[in-house]
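Engineer: Provided herewith is a single structure, encoded as structure tokens, for subsequent inquiry.
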Amino acid sequence: MIWVPLFLVACVVAGLGCARVCRATLAAARPRPGDTRADADPDLSLREAAYLAGGPLRVTDLTLVSMHRGRRLLLAHTGWATVVDAGGADRDELERAVVGAIGPGGQCPVPAVRPVVAADDSVRCIEERLVDRGLAVPASGRREIADGLRTVKAGFLLGLLLGTVAALLVPAAERAPVIAAFALPLLGSGLCLLIGAVERYPYTRWASPAGQRLLSGLSATDPLTALATRGPAVLEPELRAALRGQDTRQRP
């Protein structure tokens, strides 16, 4: 029965990972004091909706496209952003962050601009307001869930490794019960990972349950609202290519 200690280790690691994910998801779904504020103030700005639907990078994409359509910025299908309105006296903090990320030359690849703007203080202010209103999941909660899912993945791989070793340590005639035993922790970890993949890790979304309710009530008839809630997939091919830094022109 030399395989039994290996089986117990696999069970403990898988159980700890699944328990950690369950605890973190329940904590993320639990109503917080700010949820009452969300019900009292149900209005969302476009940027707030973009953050709840896709996080800081979605806010950045919304700002870039908004500036492009307002002729303050040119997003080329080649993946470059060019400042058009050099004055920009009416720019808000987020638009100033975009111009600052592009740099004094007035031109920069879009993939280099997006992460800089996403990390700007103006985006963090949007996050803080939404967390205070109970509409967004705090960063600590997202990290805890992500760490839990990584633990589950590590437990699954460890269980697979230990199961293989255990099966090789026993005679061939005795391998069936060993494989059946190790299937239990592997099944638990695998189902946890499968649910996360199918649901796209629902509780690692930026929006809390209260925020998701508000997002579901938004109409996507306006192009910018559609971008905020559904992402760049709703854009025309040239703008999608610009945000991804890809050239849509046919190459010889």
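Engineer: Across the stretch 99-137, what is the total count of residues that are over 19 Å from Ser45 (Cα atoms) and surrounded by 17 or more Cβ atoms within 10 Å (Cβ to Cβ)?
Structural biologist: 7
Engineer: List the helices (runs of 4 or more DSSP H) inside the stretch 83-191, counting only whole elements, that have at least 1 residues being in the same structural domain as Tyr51 (by TED's automatic domain parsing) and touching a Leu at 6+ places or on another chain (Cβ under 6 Å).
Structural biologist: Details: elements: 93-102, 110-118, 121-132, 139-169.
Correct list: 110-118, 121-132.
Engineer: Pick from the stretch 141-188 the residues that are among the β-branched types (Val, Ile, Thr) and touching a residue at least 24 places away in the same chain (Cβ under 8 Å): which of them is farthest from Ala19 (Cα to Cα)? Give the derivation first.
Structural biologist: Step one: filter the stretch 141-188 for residues among the β-branched types (Val, Ile, Thr), giving 145, 151-152, 164-165, 170, 178-179.
Next, from what is left, pick out any that are touching a residue at least 24 places away in the same chain (Cβ under 8 Å): 145, 151-152, 165, 170, 178.
On the way: Ile145: 11, Thr151: 10, Val152: 9, Val165: 26, Val170: 31, Val178: 24 Å.
By that ranking, first place goes to Val170.
Engineer: Among the residues in the stretch 216-228, are any part of a helix (DSSP H, G or I), at pLDDT below 90 and surrounded by fewer than 20 Cβ atoms within 10 Å (Cβ to Cβ)?
Structural biologist: Restricting attention to the stretch 216-228, the residues satisfying the condition of being part of a helix (DSSP H, G or I) are 216, 223-228.
Imposing the further condition that a residue be at pLDDT below 90 reduces the set to 216.
Pick out the ones that are also surrounded by fewer than 20 Cβ atoms within 10 Å (Cβ to Cβ) and you get 216.
Yes, that holds for at least one residue.
The values are calculated or read from the model by the stated rules, or taken from the named source; none is laboratory data. Just so you know, these numbers come straight off a predicted model, no measurement behind them. Please note: Cβ atoms are built from the backbone with ideal geometry, for glycine as well, and neighbour counts cover all protein chains shown.
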